[in-house]
Amino acid sequence: MGMKHTWGILGAGGIAAKFLGDLKLLPNARLHAVGSRSAERAAAFAAAHGIPKAYGSYEALAADPGIDIVYIATPHAGHYPHSLLCLDHGKAVLCEKPVAINRRQFERMVARAKEKKRFFMEALWTRFVPSFIKCKHLVESGAIGEVRLIESDFCFNAPVNPDGRLYNPRIGGGALLDIGLYPVFCALEFGGEIVDVKATAAFGRNGVDTACSMLLGHANGELSVLFCSMTTEGRVESVIHGSRGMVRLNRKWHTPTSIDLMPDHAPPQHFTFDEPGRGYQYEAVEAMKCLDEGKLESALWSWERSRQLITLLDQIREIAGITYPPEVEAV
Ligand SMILES: NC(=O)c1ccc[n+]([C@@H]2O[C@H](COP(=O)([O-])OP(=O)(O)OC[C@H]3O[C@@H](n4cnc5c(N)ncnc54)[C@H](OP(=O)(O)O)[C@@H]3O)[C@@H](O)[C@H]2O)c1
């Protein structure tokens, strides 16, 4: 076990509560404070989750000298300003996905992390969960031969709530950045360099994209078939097809799940993983390991990988016509 690290939580919302539940599983993590735009919400959240300190502004949280690392858990449009705020106060940052609204914002964030010499990582938790890591090992060890086709979806039927995060373009709502990011991530992880991008989106009443389908061509000829929707349920599976078999990350593939390996000429194998928690602890473990080792970025989910992901998301948005108000895109 590494050194103890003191965490601050920025934004007292849904994912913050889930994340800190898993953080409590880690003996080297100390949950110290929460910051909210409202002192009342901060106090209520702190009381509900046993957090010692509550701040009624994000600035006050960032200024607490007792915090080593801040988890940014605000809606998408908050990731850029809130990460900069914390880096400027000398904090390490684990920032929810997508890392930013666009690549320009991301480059500023990385530049600031370098300038301040502080750890910075996009909280792409799937990269660190045991089932996903096992699937990577299977594919990389040649269990399905050469990768030929990647199929991945993320669909769920979200209740229509024009004021909620998902449907509000002013805070970066929409299916692609919220959930479509995962299938795109899957294509990046299992396919080679991406040389061709096609995409089309469906839009809701207030202009946010409610679904997006994407076709990617990779340099070695493999193809990715990806889609997301927040107006219908879906399989939420990822299947990697190879020249000698297939491997499937089963339903809710982006979370800790099971895997089915289906070689063409050998019996199938089913892998299960029995671990406590929801799976958010693994990204926190990685962040603290990097802090222990004095690293500014993770080798598993590096700045370059986040850059590739946000660059692709920018490209898909351009092709599919997914836009945000200028203040959301601003750097
Ligand atoms: N990794 C995952 O599995 C996962 C799952 C869900 C969401 N996420 C990501 O986590 C982030 C937050 O999602 P969430 O579901 O937790 O969202 P949420 O509950 O709607 O909002 C999170 C918090 O952000 C703060 N906030 C700051 N500015 C806001 C604004 N203008 N409007 C609304 N809230 C604002 C609010 O906290 P205060 O009022 O206390 O300041 C709010 O409670 C998103 O980027 C999302 O993509 C990740």
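The values are calculated or read from the model by the stated rules, or taken from the named source; none is laboratory data. Small disclaimer: the values here were computed from a predicted structure and weren't measured. Please note: Cβ atoms are built from the backbone with ideal geometry, for glycine as well, and neighbour counts cover all protein chains shown. Only protein heavy atoms, including side chains, enter the accessible area calculation; ligands, DNA and RNA are left aside. Shrake-Rupley method; radii C 1.70, N 1.55, O 1.52, S 1.80 Å.
Here is how the numbers come out for the structure above:
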| quantity | calculated |
| --- | --- |
| Residue count for region 281-331, restricted to those that are of a type in the set (Val, Ile, Thr), in a loop (DSSP other than H, G, I, E, B) and crowded, with 22+ Cβ neighbours inside 10 Å | 1 |
| Sole residue being open to solvent by 20 Å² or more (accessible area, probe 1.4 Å) and touching a strand residue (DSSP E or B) at 6+ places or on another chain (Cβ under 7 Å), chosen from 260, 209 | 260 |
| Flag for residue 194 being farther than 25 Å from residue 162 by Cα and surrounded by 21 or more Cβ atoms within 10 Å (Cβ to Cβ) | no |
| Spans of strands (runs of 3 or more DSSP E) in region 191-258 with at least 2 residues assigned by TED's automatic domain parsing to the domain that holds residue 170 and among the polar types (S, T, N, Q) | 209-218, 223-229 |
| Matching entry among 98, 65 (being open to solvent by 40 Å² or more (accessible area, probe 1.4 Å) and either among the hydrophobic types (A, V, I, L, M, F, W, C) or more than 30 Å from residue 262 (Cβ to Cβ) (or both)) | 65 |
| Residue in region 81-92 that is part of a strand (DSSP E or B), within 11 Å of the ligand (Cβ to nearest atom) and either outside the structural domain of residue 266 (by TED's automatic domain parsing) or in contact with a Leu (Cβ under 9 Å, 6 or more places away or on another chain) (or both) present | no |
| Subset of region 1-59 [more than 10 Å from the ligand (Cβ to nearest atom), under 26 Å from residue 275 (Cβ atoms) and either charged (D, E, K, R) or at pLDDT below 95 (or both)] | 1, 2, 3, 4, 22, 24, 30 |
| Those residues of region 145-166 which are more than 11 Å from the ligand (Cβ to nearest atom) and crowded, with 21+ Cβ neighbours inside 10 Å, in sequence order | 147, 150, 152, 153 |
